[in-house]
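Reading through the structure tokens given below for one structure.
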Amino acid sequence: MLVRHVDATQANATITPTPTVVVALRWGVQSLPNVTYQLASQGFDLTKLDSRHPDFAASVRCVSTITMSDLTSYGAAGYSATHYYSRSFSANVSKFLAATI
């Protein structure tokens with residue numbers, strides 16, 4: 001069973017130090033914790049997937065592990081926790097220049 005949620009916080013501020021200058025500040029933090037429990041494959045009824053071999057499918061108690069060399073593994077590996085996160089900051093300064101005709 002995969003438990004996933006997103007925690008995201010941000011703050012924005014706009015400042016006008018002079019009538020022709022605008023400063024925009026942005027800050028953000030994003031947290032993506034993923035927790036996987038082995039319960040995902042326990043109790044899964046394989047007989048619903050393969051009706052040609054019901055005896056074999058009924059004897060399997062949990063789905064085997066799927067392992068990939070460059071990605072996250074899935075299946076009967078047990079408990080695992082991964083915590084992805086990102087932080088960002090940006091600033092922008094704009095100045096109005098009068099157009100001459």
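Among the residues of region 8-20, write down those that are at pLDDT 95 or above and of a type in the set (A, V, I, L, M). Passing the criteria: A11, A13, I15. Among the conditions (1) modelled with pLDDT of 70 or more; (2) out of contact with any strand residue (DSSP E or B) (no Cβ under 9 Å at 6 or more places or on another chain); (3) of a type in the set (S, T, N, Q), the only one that S31 does not satisfy is (2). Return a yes/no flag: does region 35-43 have any residue that is at pLDDT below 70 and among the hydrophobic types (A, V, I, L, M, F, W, C). Yes, region 35-43 has at least one match.
Out of contact with any Gly (no Cβ under 9 Å at 6 or more places or on another chain) and either at pLDDT 90 or above or under 30 Å from S90 (Cα atoms) (or both): is that true of H53 in this structure? Answer is no for this residue. From the list T72, T82, T65, which one is of a type in the set (S, T, N, Q), at pLDDT 70 or above and surrounded by 10 or more Cβ atoms within 10 Å (Cβ to Cβ)? Being of a type in the set (S, T, N, Q), at pLDDT 70 or above and surrounded by 10 or more Cβ atoms within 10 Å (Cβ to Cβ) holds for just one of T72, T82, T65, which is T82.
The values are calculated or read from the model by the stated rules, or taken from the named source; none is laboratory data. Everything numeric in this text was worked out from a predicted model, so none of it was measured. Here the Cβ is made from the backbone with ideal geometry for all residues, glycine too, and neighbour counts use every protein chain on show.
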